Each structure stands twice: as structure tokens, then as C-alpha cells.
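Only one structure is covered here, and it is reproduced in the block below.
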Amino acid sequence: MRIGFFICHCGSNIAGTVDVVQVAEYVSKLPNVVHSVHLMYTCSQPGQKEIVDAIKEKRLTRIVIAACSPKMHEVTFRRAIERTGLNPYLFEMANIREHCSWIHDDRELATQKAIELVEMTIAKVARHESLFSNKVDVNKKVLIIGGGIAGIQAALDMADGGFEVVLVEREPTIGGKMAQLDNTFPTIDCSSCILTPKMVDAGQHEKIKLITYAEIESVSGYVGNFEVKVHKKPPYVNYEKCIGCGICERKCPAKAPNRFNLGIGEGKAIYIPFPQAVPKVATITKEHCIYFKSLAEGKLNRCKICQKVCHVSAVDFEIKDEYINEKVGAIITAVGFDLFNHSVYQEYGGGRYPDVISSLQYERLLSASGPTEGKIKRPSDGKEPETVVFISCVGSRDDSVGRPYCSGICCMYMAKQAILTKDHLPESKTFIFYIDIRAGSKAYEEFVKRAQVEAGAQYIRGRVAKIYPENGGLIVRGVDTLLGQQVEVMADLVVLANGVISSRGSNELAQKLRIPYDQYGFLSEGHPKLKPVETNTAGIFLAGACQGPKDIPSSVAQGSATAGKVQGLLSKDQLETSPLVALVECSRCIGCFKCLKVCPYNAIERITLKDGSLVASVIPTVCQGCGLCVATCPSASITLKGFTDDQLIAEVEALCR
Amino acid sequence: MNKLIALNNVNQKFIHQVESISKQKVSNCYQCGKCTASCPADFLMDISPNQIMHLIQIGQKDEILNSDSIWVCLSCITCTARCPREIDITSVFNALRIISRKEKRPVSIRNVKLFFDIVLSSIKNQGRLNEVPLLLKYNLWSGMLLNDADLAPSLLGRGKLHFIRRHKVKEIKEIRQIFSRSRISDS
Ligand SMILES: Cc1cc2nc3c(=O)[nH]c(=O)nc-3n(C[C@H](O)[C@H](O)[C@H](O)COP(=O)(O)OP(=O)(O)OC[C@H]3O[C@@H](n4cnc5c(N)ncnc54)[C@H](O)[C@@H]3O)c2cc1C
Ligand code: SF4
Ligand code: SF4
Ligand code: SF4
């Protein structure tokens, strides 16, 4: 056995704290080590060349590199080693950066620790064996969860690239929040004018299968071969037959809150969300339908007016929950966001004042297809407001409500809404209470200036302390911190800049997908800079506001970026799987199948041996090498390749020497 | 306020002192102004609560300790309840008053000190607050003899004023001990 050892300076990242020369010297005296050097940057081209050359010249058979985390460069080094013809699994990394130099100050002790980490690794690598990966076929279909602008963009890009797409949307229509917006910053173009064509394309594309009013029930499998069960909720209208004429909605006698307009104006128990909906079909909300309500109460009211008036017999009260199984190679999560519920702010009325509304409700008031047909009428009495006050950071940048982060989009939509208010009501006056104005993207600062100068929005720097009703209006008491004085405005309408929070149910979905999420529920990207649309689970990707607050340009950019990544993955016919998987020694297996219960990837199956006994067996292409089964097996018959007992004990022994 | 604040003269020791007495981290303040917006006494203050917070951040000790604001503050805790960064501003104001008294600085509003002194001496001597002597003493020494006299009938009617001297509290010794342990309130 001829072990080669390479220690990296990583500039001063490692060498600043660890005496790399001393470590290399020490290691050179260890048994079986025939080559021990320190290099400035092992991962650089010259660094890799040194390693490759040394393997060839010194006929090295085991390699240890002491550098950063294997998460960073294990793959880099494996590839370099493979180029020499050596099996890439005869190699091991010692992490002396994240685990040593970055977290210690004392040079002597850090060097000692680095030596110990390296000794362990050398003891382990001596027991390595050549390992070989398997190949699995890749399913070329992609599943996209969430049909907001990010999901739609990803679906269109994938489909245009020739890939089959399954787009699953929870609501009866795709479109997401963007469908609810009036005009959009920073150009003030009509949201539905730019969104509708994309929605229609997505609805008509031959490669896109749209499943709306549906959610993900379960996910199993692994990159290249996921199996997904989709739960389609019963809309009590046959979506295939419905032509979206809307006569049912006009005739339905049951009033219901209008969900799409966020409770402003009335809706019906059977409804089509909005005129441009895709698919444009009607859906019954069971809890408001007279027929279903009477059924639940044990009485029988045969309202069913919708069914009677429908020309194409689409209404069907017998529709049941439906489960659809899909096999896909990759999954894109684009479940978007929700708005912070401002009712916790008692000082702003706690949701009790009808004329203190959310920003998204205001979008509906501004929208020509909204409940007031684009006339700004305040909810309490339908009066056109003369003075509109906007309050920023409601549920953002506020530790006291557990939301310390900036929502990123509200400064901009407040400026937009102030401009639109002036457009709709030229005589009106607008005030914007802000703490800081965050307008960092292209053309954003100019847009805010337009609100200030052209639309005359009065920006007041300070948070609002309270709002209370008086004489039919609302008194807004705040501060102008630039003057150091309290200020007061009599407002007719107050619009709150509700912060961005993670989408309802996205954490349950993340658990099904086995992807991590942060403390606020936003789904975690693989790396904050270098893997913005990947997750830590291979084959699962992110796009849009589900990863964190985002405006439309960034959501679209991410949708396209994700599609690019997924096309790269799915353009391969086969994927190599990691050989670091579990293996059952069937002669020792007692057939208790405890492993089968703990395996999170369903990678264990029951097989019958020649002698008729039933034992466990690991499907190597499915196993992700987590090691749960190894720890669980009572007869110690499972080993994890690359992490055998023998190897781990050698490491511990090296440490205890 | 001074026209020119020399930012090199940040009094770091003062910042530490305020932070250790109040157990608050003043750099948490991001100057949203909600404390000022909610303060019922702001109209009496020469420097608003958020400005006081900022002056502490830049270590302007004299500016703050010479202000009326620290003596006008009612300790009503509204600012603390509203602060989005969860700073206990009321405790910060308390710390400022403590520092001022420790250093025996003049209290910018004379009658505030008078009021505090009478209240404290009443507690120290009787173990409780006696409203009638408090009012009489305060009016006498502040020279505002008939101050709030119009309130007397209604307070009397509600049984809020007692002319007959009530007994001292039993644990007067313990109360005295509290006073001797916190020397600052004695001055
Ligand atoms: C008041 C307001 C005004 C705005 N104005 C502008 C503007 O002028 N310009 C601009 O650039 N941006 C604006 N934005 C931001 C814009 O709305 C977002 O950038 C955009 O909607 C993000 O798109 P998305 O697809 O990531 O998320 P979403 O629009 O939230 O879409 C997510 C979709 O996923 C679906 N979904 C959620 N969970 C599931 C699930 N479990 N299963 C299946 N489907 C699911 C949802 O129903 C939804 O259809 C504004 C936002 C607000 C609140
Ligand atoms: S974008 Fe503006 S309004 Fe929204 S949280 Fe950030 S600073 Fe506050
Ligand atoms: S190591 Fe065991 S538990 Fe983990 S994935 Fe493989 S088979 Fe399943
Ligand atoms: S505690 Fe003092 S500073 Fe705070 S609100 Fe009350 S009076 Fe104002």
C-alpha cells in the first residue's frame, strides 16, 4: 500500500492557523505513507495537476487530502483521481478548515488537532476498497408544484425544450398572486396583460399536463426516478366538460366570501375565480353550497340549480377524491408565498377596522376586474378616499412579531400603489410611512422618485404607533423621525404593507419531499450563492417566492434558471448512483425487517433465499447511504460501504493512540 | 442641542454603563421612531425617545443627561410595548436617570426632583406613600400653593385622601435596608 498525502494552505484560510508544513512532515513518517506535501490551493488547476502527477510517478494506491469540507470539493478530487485510472473511492478527505482552522485561534493546538484528524483519515483510507457506481435510467418527465409565475415560467421553458411537464396547482386556476395584481412595478404594465398569454400557453402546450385543484399526497423514489401521488380534490364540476360560460355562478343562490378578491365583495358557492382563469372552469366550495350543507345536516334540499342551468351537464355532485400517480425524473417546487396576517397588530385595529386593509386587498380594489371594477371605494361605506395612508413593514423587520427579515417587495409595491392611487383619484393625497426605502434593483430607485415627484406621494420617515377611528375616518398617529416630532394624519383609507411569509402548507410539502426549510418556513436552497435553485436533495429544485421574498422579475429569472438546471439533469439518459450504500449480509439477517421500517427512501425489500428464508436486501440504486438501517439492525448484518465498522474502529483507534 | 457633534468623542464607557444598568443593547435600535410615535409625554420632551436612543448609540452623554426628556418620561412602558426590536426603552430611561443621580448632576426640571425626593422620603420614613402630606409638601416647596387644589373635593368624595395619619407599615426596618443598599436613591 502506497499512501499519498496532500495538505492544502487554502491561502491563509488553513495555513493562517494550522502549521501545514509541520503536519506534512509528521505524516511523512507514518507507516505506508510514501508521499506527503503541502500545496497552496489543492483544488486549483496546478494543485490538481500535482496530485495527478504524484499518483502516476509515485504509483500511489491511496490518497488523503486535508483541506476543506468534502461537501465543497470531494467530487472535484474524485474526478482528478479517476483521470489517473485509480479507483476514485480509494480516497478520503480530512476537513481541517471548517472543522479546525476556521474555528480555532491557538496555532499550536489547531495544528495538533489537524494532525489527529489526518491520522484518523489515514488509518481509515488504508481499509478502503475499490467501489463502483451503478447506472440508472432517467425518467425525462418533470413535476412542477405550484402554478404561480415562477412555476409557469419553469413549465414553459421545460416544455419548449421538449420535456414532458406535469404542473400541479392547489387552486382551481394557475396564475398565483400575480393574477391578483393590478399593474406592476417598475413599469406600470397591466399584470393580467403580461400574465394571461403565459397562462394560456401553459394551458394549451401539448407537453404540459395541468392538474389544478390538486395537491401532492406522497413522494417516493430518488433523482431520475421519483414516484408521485397527486390528490385531486373534488370540484363537483367535470373540468373536461365545463366550458366556463359562468351561467351557474350567476344563477347560484348561495352567497360566499369571494376568495380571489380576498373577502371584498361577494362571491357564490360555485365560482370561476376570474375571467382569465386557466383552466376557465367552475368549482363548488362545499361549505357554502346549499345542497351540500343540507346534506350534512341530514335534510335534503335539492337546490342543484347550477346543475339544472348548465348547458353541457358539467356539474356532478358525485365526483370523488381522485389520486393520480406520476413518474418523473425531477421535481420543481414553486409554491410561492402568503401575506402576513396583520390582525396581531392591535395598535392598527387588529383587523377590526374595515378601512384598514391589506396591500393585496388594495390591488383588488385597483383592478379593473376586481370587486369595484377598478374604482377605489373603501370597504366600510363605498366612499372614494381623499387621503390614503400606506404603512410599511407590517410583519416585516419586526422582532416583536417574530419576523425580523425584510420582505423586499413592499417598498416597491407601496410606491406603485401610490402612483396608481393618483392615477385613479387625481385629487387624492397619499402618505407613505416608511423606515427605509429598499429599491435596489434596476430602475427601482427611479420608480420611487416617480412616486414622490410625479405622484406627489408624501414619504414620512417613521413607524406608525396607532390607528383609531374618529368621525368616520381613521386617525393615524406616527412620527417624523427626521423632525423628531409626532405627526398625525386623518385618513379615509389605510393600506398596510403586509410582509411576505412562507406559503401555507409548504413545510408539510417540504417534509414529503425531504428538503430542508428555514426557521421562517421558506424552502432552503442548496447554497446561498452557488446553488440558488437546487436543494440539498438531488433532483429537487426551487423557483420563486417559496425560497424567500421575491418580486416578479426575480421569480421569472429563477423559474428559467431552474428549468435550465433540470434540462441539464434530464438530458442525460442514465445517472450514476453513489456506491456508498448499505449492504445486507443475508446469511446473518434474521428477517426482523426493522430496517424496512426505518429506511426513509423505501430502499429495502424482502427477498426469499434458496433455502426459503425471508431476508432483507438493499436496492443499491435507491439507497442514499444515510445509515439508519445499519444502526437499527439488531443482528449487525448491515454495513455501509465506505463506512464499515472496520474503518470506523480504525479511526477511533488512531485517535486514541 | 449642539450644532456640531464631534463623532470622534463617542463616550464608549457611557454606552456600556447604560447597557449594563438597563440590560438592553442600544445598537439594536434601528431608528424606526415607533417609541416616539407612541409616547404620551413626547410633547413635553426636548429630545424625543428615538433621538435619545440614537444619542446613546453615538455616546453623547452630556447632551442626554442635560435634557429634560429623561425627567419627563412617565415610565408608562408604552414605548417598550411597541418597539419592534423588543428594546425595553423604559429601562434605558431609568438607567439614564440613575446615572444622572449617581453623578449628582443637576436635574433640569427642579420640581421633578422635588417630587421624587418627597415620594422617596415618605416611603423611607413611613414605609408607604401618604397622599395628603405629599401634596402639601409638594405644593409648599414648589411654591405652587393651590396647585391641583380643585381636585381635592372629588378625590375626597372617592375616599382617596386620608387626613388621619395611617399607621406605619410593620416591616419598616426592611424598607430602610432597601434604601441603605441602594445608596443612589438616597441622594
Ligand atoms: C400587494 C402585492 C403587490 C405586488 N406587486 C408587484 C409588482 O408590482 N411587481 C412585481 O414584480 N412583483 C409584485 N409583487 C410580488 C409578486 O406577487 C411575486 O413576486 C410573485 O407572485 C411570486 O411568484 P411565485 O410564483 O413565486 O409565487 P405565487 O404567486 O405565490 O404562486 C404560487 C402558486 O403555488 C400554488 N401553491 C401553493 N402551495 C401549493 C401546494 N402545496 N401545492 C400546489 N400548489 C401550491 C399557489 O396556489 C400559487 O398559485 C407583489 C406582491 C404583493 C403581495
Ligand atoms: S421592503 Fe420596505 S416595507 Fe417591505 S419590509 Fe422591507 S423595508 Fe419594510
Ligand atoms: S442506508 Fe439503509 S436506511 Fe439508509 S437509505 Fe440505505 S437502506 Fe435505507
Ligand atoms: S416610558 Fe417614557 S419614553 Fe417610553 S412612552 Fe412612556 S413616557 Fe415615553
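Whole Å is fine, so just give me how far the alpha carbon centre of the stretch A:530-547 lies from that of the stretch A:333-396.
32 Å
Hey, can you find the accessible area per residue of chain A for me, probe 1.4 Å, expressed in square angstrom?
Values: 29420 Å² over 657 residues.
With all protein chains present, chain A gives 45 Å² per residue.
Mind pulling the angle between the C-alpha long axis of helix A:191-204 and the longest principal axis of chain A? Nearest 10 degrees, somewhere in 0 to 90.
Computed tilt is about 60 degrees.
How big, on average over all directions, is the shadow cast by the Cα convex hull of the stretch A:1-45, in nm²? Mind dumping the intermediate values first?
Numbers: hull surface 12.9 nm².
In nm², the orientation-averaged hull projection of the stretch A:1-45 is 3.2.
Report, as an integer, the average count of C-beta atoms from other chains found within 10 Å of each Cβ along A:479-489.
5
From the protein chains alone at 1.4 Å, what is the descending order of accessible area for B:Met144, A:Met414, largest first?
Values: B:Met144 75, A:Met414 5 Å².
Result of the area sort, largest leading: B:Met144, A:Met414.
Can you check how the C-alpha radius of gyration of the stretch A:201-334 compares to 2.2 N^0.38 Å, as a plain ratio? Walk me through the numbers on the way to the answer.
Numbers: Rg = 17.0 Å, N = 134, 2.2 N^0.38 = 14.1 Å.
Its radius of gyration relative to the 2.2 N^0.38 Å reference: 1.20.
Could you tell me the center-to-center distance, by alpha carbons, between the stretch B:58-94 and the stretch A:11-34 in angstrom?
Using only Cα atoms, the two centres lie 56 Å from each other.
Need one number: % antiparallel among DSSP beta bridges in the protein assembly as shown, to the nearest 5.
Details: 53 of 102 bridges.
The antiparallel fraction comes to roughly 50 percent.
Compute, for A:Leu640, the solvent-accessible surface of its heavy atoms (probe 1.4 Å) with the complete set of protein chains present, and express it in square angstrom to the nearest 10.
Here the accessible area works out near 20 Å².
Which value, in debye to the nearest 20, describes the size of the charge dipole of the stretch B:112-181 about its Cα centre when Lys and Arg Cβ atoms bear +1, Asp and Glu Cβ atoms bear -1, and nothing else is charged? Don't jump to the answer; show the numbers that get you there.
Numbers: 13 positive and 6 negative charges, 88 e Å.
Result for the stretch B:112-181 is approximately 420 debye, rounded to the nearest 20.
With viscosity set to 0.692 mPa s and temperature to 37 °C, compute the Stokes-Einstein D of the stretch A:338-501, Rh being the Kirkwood radius across alpha carbon pairs; µm²/s, no decimals. The partial results should precede the final answer.
Details: Rh = 15.8 Å.
Roughly 208 µm²/s, to the nearest whole number.
Could you order B:Asp150, A:Asp19 so the one with the most accessible surface comes first? Probe is 1.4 Å. Present the calculation step by step, with values, prior to reporting the outcome.
Values: B:Asp150 120, A:Asp19 45 Å².
Greatest to least solvent exposure: B:Asp150, A:Asp19.
Round to the nearest 10 and give me the degree value, 0 to 90, for the angle of helix B:172-181's Cα axis relative to the longest principal axis of chain B.
In chain B, helix B:172-181 runs at an angle near 20 degrees to the longest axis.
Under 8 Å for C-alpha pairs, at least 6 residues apart: give me the relative contact order for the stretch B:112-181, rounded to a whole percent.
Values: 40 pairs, mean separation 27.5, N = 70.
Rounded, it is 39 percent for the stretch B:112-181.
If you take the alpha carbon radius of gyration of the stretch A:170-228 and divide it by 2.2 N^0.38 Å, what ratio comes out, to two decimals? Working shown, then result.
Values: Rg = 15.5 Å, N = 59, 2.2 N^0.38 = 10.4 Å.
Compactness ratio reported: 1.50.
For chain B, report the accessible area per residue in Å² (1.4 Å probe, heavy atoms, rounded to an integer).
Solvent-accessible surface per residue comes out at 59 Å².
Out of the stretch A:502-589, which trypsin sites (Lys or Arg not before Pro) are coil in DSSP terms and have no more than 10 other C-beta atoms within 10 Å? Numbers along the way, then the final one.
Numbers: sites: A:Arg504, A:Lys512, A:Arg514, A:Lys529, A:Lys550, A:Lys565, A:Lys572, A:Arg588; in loops: A:Arg504, A:Arg514, A:Lys529, A:Lys550, A:Lys572, A:Arg588.
Within the stretch A:502-589, the qualifying trypsin sites (Lys or Arg not before Pro) (loop, at most 10 other Cβ atoms within 10 Å) are A:Lys529.
Mind checking the mean number of beta-carbon atoms from other chains within 10 Å of the Cβ atoms in A:461-474? Spell out each step's value before the answer.
Working: counts 3, 7, 12, 6, 11, 5, 0, 0, 0, 0, 0, 0, 0, 0.
Per residue, the number of nearby Cβ atoms from other chains is 3 on average.
Between chains A and B, what is the buried accessible area in Å², counting both sides, with a 1.4 Å probe and ligands, DNA and RNA left out, to the nearest 100? Provide the component values of the computation, followed by the final result.
Working: alone 30130 and 11790 Å², together 40470 Å².
Accessible area lost upon association: around 1400 Å².
Which whole-number percent gives the relative contact order of chain B, counting Cα pairs below 8 Å spaced six or more residues apart?
Working: 194 pairs, mean separation 34.5, N = 187.
Across chain B, relative contact order equals 18 percent.
Using a/c under 1.5 as the rounded threshold, could you call the stretch A:578-641 rounded, prolate or oblate? The axes a ≥ b ≥ c are square roots of the C-alpha gyration tensor eigenvalues, and prolate needs a/b larger than b/c, oblate otherwise.
Because a/c hits 1.5 or more and a/b exceeds b/c, the stretch A:578-641 counts as prolate.
Identify, among A:Gly568, A:Ala538, A:Asn498, the residue whose Cα sits farthest towards the positive end of the charge dipole of the protein assembly as shown, taking +1 on the Cβ of Lys and Arg and -1 on the Cβ of Asp and Glu, with the dipole about the Cα centre.
Checking the options against the dipole of the protein assembly as shown, the answer is A:Asn498.
How large is the direction-averaged shadow of the alpha-carbon convex hull of chain A, in nm²?
Working: hull surface 151.7 nm².
Computed as one quarter of the Cα hull surface, the answer is 37.9 nm².
Of A:Cys656, A:Gly349, A:Gly374, whose Cα points farthest to the positive end of the dipole of the protein assembly as shown (charges on the beta-carbon: +1 Lys, Arg; -1 Asp, Glu; origin at the Cα centre)?
A:Gly349
If the rule is a partner Cβ under 4.7 Å, which cysteines in chain B fail it?
By the Cβ distance rule, which asks for a partner under 4.7 Å, the isolated cysteines are B:Cys29, B:Cys32, B:Cys39, B:Cys73, B:Cys76, B:Cys83.
Show A:Asp551, A:Asp518, B:Asp148 ordered by accessible area, largest first, where the area counts protein heavy atoms only and the probe is 1.4 Å.
Details: A:Asp551 20, A:Asp518 60, B:Asp148 85 Å².
These residues rank, largest area first, as B:Asp148, A:Asp518, A:Asp551.
In vacuum, with every alpha carbon of the stretch A:263-317 counted as one equal point scatterer, what does the Debye formula give for log10 I(q)/I(0) at q = 0.14 Å⁻¹? Two decimals, please.
-0.43
So how far, in whole Å, is the C-alpha centre of the stretch A:294-326 from the one of the stretch A:242-273?
Result: 15 Å between the Cα centres.
For the stretch A:311-369, treating each Cα as an identical point scatterer without solvent, what Debye log10 I(q)/I(0) comes out at q = 0.22 1/Å?
Cα-only, vacuum Debye calculation for the stretch A:311-369: -0.93.
Which log10 I(q)/I(0) values does the stretch A:3-125 give at q = 0.12, 0.16, 0.19, 0.22 Å⁻¹ under the Debye formula, counting every alpha carbon as one identical point scatterer?
-0.36, -0.66, -0.95, -1.29
Can you give me the Kirkwood hydrodynamic radius for the stretch A:359-414, using every pair of distinct Cα atoms, in Å to one decimal? Intermediate values should be presented prior to the final figure.
Working: mean 1/r = 0.0772 Å⁻¹.
Taking every pair of different Cα atoms in the stretch A:359-414, averaging 1/r and inverting gives 13.0 Å.
For A:Ala66, which sequence-distant residues (separation of 5 or more, or a different chain) have an amide H within less than 5 Å of its own amide H, given hydrogens modelled in the peptide plane?
A:Phe6, A:Ile7, A:Cys8, A:Ala94
Give me the percent of accessible area attributable to carbon and sulfur for the protein assembly as shown, probe 1.4 angstrom. Each step should come with its number before you reach the end.
Working: 21240 of 40470 Å².
Of all accessible area on the protein assembly as shown, carbon and sulfur atoms account for 52 percent.
I'd like the antiparallel share, as a percent to the nearest 5, of DSSP beta bridges with both residues in the stretch A:338-501. Let's see the in-between values first.
Numbers: 15 of 32 bridges.
If I count the DSSP bridges inside the stretch A:338-501, around 45 percent turn out antiparallel.
Please state the charge dipole magnitude for the stretch B:22-102, taken about the Cα centre, from unit charges on C-beta atoms (+1 on K and R, -1 on D and E), reported in debye and rounded to the nearest 20.
Value, rounded to 20: 320 debye.
Can you tell me the relative contact order of the stretch B:22-102? Whole percent, Cα pairs under 8 Å, sequence separation 6 or more.
On the way: 101 pairs, mean separation 30.2, N = 81.
About 37 percent, as a whole number.
Enumerate by residue number the trypsin sites (Lys or Arg not before Pro) in the stretch A:408-492 meeting two conditions: DSSP loop (anything except H, G, I, E, B), and at most 11 other Cβ atoms within 10 Å of the site's Cβ.
Values: sites: A:Lys416, A:Lys422, A:Lys429, A:Arg438, A:Lys442, A:Lys449, A:Arg450, A:Arg461, A:Arg463, A:Lys466, A:Arg477; in loops: A:Arg438, A:Lys442, A:Arg463.
Listed in order of number, the matching sites are A:Lys442.
Using unit Cβ charges (K, R positive; D, E negative) and no other charged atoms, how large, in debye to the nearest 20, is the dipole of the stretch A:3-125 about its Cα centre?
Details: 14 positive and 14 negative charges, 110 e Å.
For this selection, approximately 520 debye.
Where in the stretch A:268-374 are there GluC sites (Glu not before Pro) that are in a DSSP coil and have at most 11 other Cβ atoms within 10 angstrom of their Cβ?
Counting only loop positions with at most 11 other Cβ atoms within 10 Å, the GluC sites (Glu not before Pro) in the stretch A:268-374 are A:Glu297, A:Glu318, A:Glu373.
Which positions within the stretch B:51-100 get 40 Å² or more of their accessible surface covered by the other protein chains, compared to the chain by itself, with a 1.4 angstrom probe?
B:Arg82, B:Pro84, B:Glu86
The values are calculated or read from the model by the stated rules, or taken from the named source; none is laboratory data. From a predicted model like this one, the values you see are computed outputs, not experimental measurements. Please note: Cβ atoms are built from the backbone with ideal geometry, for glycine as well, and neighbour counts cover all protein chains shown. Ligands, DNA and RNA are excluded from the accessible area calculation, which covers all protein heavy atoms including side chains. Shrake-Rupley method; radii C 1.70, N 1.55, O 1.52, S 1.80 Å.
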